[in-house]
1. Give the long-range amide H neighbours of Val22: residues separated by 5 or more places, or on another chain, with amide H under 5 Å away, using H modelled in the peptide plane at 1.01 Å from N.
2. For the chain, which whole-number percentage of the solvent-accessible area (1.4 Å probe, protein heavy atoms only) is attributable to carbon and sulfur atoms?
3. Where does the chain land at 222 nm, in deg cm²/dmol rounded to the nearest 500, when only DSSP H runs of n ≥ 4 count, each adding -39500 (n - 2.57), divided by all residues?
4. Return one quarter of the surface area of the convex hull spanned by the alpha-carbon atoms of the stretch 92-196, equal to its mean projected area, in nm².
5. Through the Karplus equation 6.51 cos²θ - 1.76 cosθ + 1.60, θ set to phi - 60°, convert the phi angles of the stretch 67-73 into ³J(HN,Hα) values in whole Hz; use x for Gly and Pro.
6. Bin all alpha-carbon pair distances of the stretch 45-125 at 5 Å intervals from 0 and give each bin's fraction as a whole percent.
7. Give me the dipole magnitude in Debye, nearest 20, for the chain about the Cα centre, with unit charges on the beta carbon: positive for Lys and Arg, negative for Asp and Glu.
8. What number comes out for accessible area per residue over the stretch 37-81 if the probe is 1.4 Å? Units Å², please.
Amino acid sequence: MVQAPPQSRSHRPSVTVPAPPVTVENLDTGGYDDARLELLDGLCVLRPWPTPLRARVTSRLTRLLTQAATSGAHVLPAGVGVELSARCLLVPDIVVAPSPEVVGRRLRETPYLVVEVADASTRRYDRTLKLDLYRERGVPSCWLIDPDAATLEAFELVDGAYVTTSAADPRGEFSARRPFPVTVRPIELIDPPDAE
């Protein structure tokens with residue numbers, strides 16, 4: 001008796017990426033429209049699908065930031081890329097920008113804030129390469145959230161370098177002033193109060 005191979009539980013589409021060097025224009029003309037696809041100096045990087053925890057934290061923080069946003073600050077939906085140059089495109093988990101205008105799911109102006117929600121497969125990438133590229137672009141604020149540890153680190157650009165301005169542990173809270181006043185309790189992003 002021959003057994004059929006087990007069926008895959010995942011029905012996610014496969015993605016083909018172009019060979020480097022690649023430009024943002026190549027992505028546009030080639031029809032590469034996967035929100036996980038990033039471009040680092042002409043090299044395509046395909047980020048993994050978000051884990052359920054990462055997706056939940058991103059959704060809750062997006063809602064919190066949207067409620068706190070002041071005039072002139074726009075919280076953009078997940079999947080909006082930040083075009084840093086002709087050969088560099090990053091897709092943060094959350095973007096806060098001066099304008100809601102995006103062209104083809106891309107923001108060309110410098111955002112006020114980018115938020116990266118890490119998981120085991122993206123933690124090092126978010127903390128090193130992406131943080132460095134955001135710094136080079138002059139993004140004033142960057143937050144790194146680790147849902148597994150229930151922590152939030154906030155960085156602000158000071159004299160061309162990112163300086164850690166705050167770190168909140170699982171039971172702590174982070175009160176931001178930029179781009180607008182908001183208080184974030186990391187544990188509530190993971191396990192919200194019963195009122196949700």
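1. Under 5 Å from the amide H of Val22 lie the amide H atoms of Gly42, Leu43, each far enough along the sequence or on another chain.
2. Details: 5610 of 10620 Å².
Roughly 53 percent, rounded to a whole number.
3. Values: 4 runs with 36 residues, N = 196.
Dividing the helical sum by the residues of the chain leaves -5000 deg cm²/dmol.
4. On the way: hull surface 30.0 nm².
With the hull built on Cα positions only, its mean projection is 7.5 nm².
5. Karplus-based 3J(HN,Hα) across the stretch 67-73 equals 5, 8, 4, 9, 4, x, 10 Hz.
6. Per 5 Å bin, starting at zero, the Cα-Cα P(r) for the stretch 45-125 comes out as 3, 15, 26, 24, 19, 11, 3, 0 percent.
7. Details: 22 positive and 26 negative charges, 53 e Å.
The dipole of the chain has a size of about 260 debye.
8. On the way: 2070 Å² over 45 residues.
Spelled out: the 1.4 Å probe surface of the stretch 37-81, per residue, equals 46 Å².
The values are calculated or read from the model by the stated rules, or taken from the named source; none is laboratory data. Predicted model only: the values in this text are computed from it and were never measured. No Cβ is skipped: glycine too gets one built from the backbone with ideal geometry, and neighbour counts run over all protein chains shown. Just so you know, the surface numbers come from the protein's heavy atoms only, side chains and all, with ligands and any DNA or RNA stripped out. Shrake-Rupley method; radii C 1.70, N 1.55, O 1.52, S 1.80 Å.
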